[in-house]
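Chemist: Pasting in a structure now, in structure tokens, and then I'll have a few things to ask.
The values are calculated or read from the model by the stated rules, or taken from the named source; none is laboratory data. These figures come from a predicted structure and were not determined experimentally. A quick note on method: Cβ atoms are made from the backbone with ideal geometry, for glycine too, and the neighbour counts reach across all protein chains shown. Only protein heavy atoms, including side chains, enter the accessible area calculation; ligands, DNA and RNA are left aside. Shrake-Rupley method; radii C 1.70, N 1.55, O 1.52, S 1.80 Å.
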Amino acid sequence: MRIEIEIERSCPGEGQAARFQSFHVEVPRHATVLDTLMAVKNQEDGSVTFRRSCRSAICGSCAMRINGRSGLACDTQVEGELRRHGKLRIQPLAHMPVVRDLAVEIDPFWARVRAVQPWVERPREAEPSWPVEQETRMPQSAAEEMDDTSKCIMCMSCFSACEVAEVDTRFLGPAALAKAYRFVADPRDTNTQNRLATLNGGGGYWDCTRCNQCVEACPKDVKPMEAIVHLRREAIRAGFTGTIGSRHITDFLSIVRQEGRLNEGRMPMQMKGFNPFKLLPVLPLAWRMWRKGKLPLPWHWPIPGVSQVRRIMDRKGGARRKSFVVGKGDLK
Ligand code: FES
């Protein structure tokens, strides 16, 4: 079939601003976006620049924005894109400087990954008897716990789709934080407390807005946002409860336990304390909510059957995740 493909072209190093260029090429019916780009490069314009290697959704090189969504060119069929969008428009990944056309600068992304220390920390002196020269086995349940995050191919699609990365250059991003969780969940690693402490600040796991874009964009079903939620849970368990993010969770739960439901009128006071100066910035929002009937009184009686809510919470809290049932000392 003969199709039209629009490619965003630019070369900032040579002062060429971004512009779209259209090409018409003949491709087989089940061609992928990468096949189409190769056809453009081979038949129309050899200067069209993009990365690719495995052509099998393994190496992560060919990630780009396809009709506005980040994904792998070799894993996306043209036919489906044309059916859904009526066009094929290709752009480089977002939030990274463009080198040329569809090739972006990858160093900023890798600097974020390096920042989470993506390796197992197990100092020899901490456990001299540890058989470093032997195979290290871990329980199946522990391997399953980090299985999703181990599937990441570092294609950067999630980082490109991330709404926080768009506005906050400090944010480590979904891939790096998912990688961090992979090592927090690893029972061999002895550095959990430091990892959680480092990522507890600005740019870390509390800065995620849980927009779910990373989960949608990931071609390998890594579910980075879920890994970030797990990091938050581990941070609270480890005692990092001083941030606004952690207090939002703990105070939310404490109100539901006491009253059987969320009380929006009480949340700001619970989180910020009864300090009028701290509460001042939330007053305009409180006023708007009150006018729309969305702001209950700060205190009210618990709902009927609140004890059942508490029982559900106790049961849920008791269902601990696999890695922590196993414990870090249970390695063989
Ligand atoms: S070329 Fe390797 S993932 Fe697409």
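Chemist: Could we say that Ala103 is within 16 Å of the ligand (Cβ to nearest atom) and touching a strand residue (DSSP E or B) at 6+ places or on another chain (Cβ under 8 Å) here?
Modeler: For Ala103, the condition - within 16 Å of the ligand (Cβ to nearest atom) and touching a strand residue (DSSP E or B) at 6+ places or on another chain (Cβ under 8 Å) - is not met.
Chemist: Another question, if that's okay. Among the listed residues Leu199, Leu253, which satisfies the condition of being aliphatic (A, V, I, L, M), at pLDDT 95 or above and out of contact with any His (no Cβ under 9 Å at 6 or more places or on another chain)?
Modeler: The unique qualifying residue is Leu199.
Chemist: When segment 169-226 is examined, which residues are found to be out of contact with any helix residue (DSSP H, G or I) (no Cβ under 8 Å at 6 or more places or on another chain) and open to solvent by less than 20 Å² (accessible area, probe 1.4 Å)?
Modeler: Gly203
Chemist: Restricting the search to segment 227-241, which residues are closer than 29 Å to Ala57 by Cα and open to solvent by less than 10 Å² (accessible area, probe 1.4 Å)?
Modeler: Ala227, Ile228, Leu231
Chemist: Something else about it: Out of all the residues in segment 242-252, is one or more small (Gly, Ala, Ser), over 16 Å from the mean Cα position of the chain (by Cα) and open to solvent by 50 Å² or more (accessible area, probe 1.4 Å)?
Modeler: The answer is yes; a qualifying residue exists.
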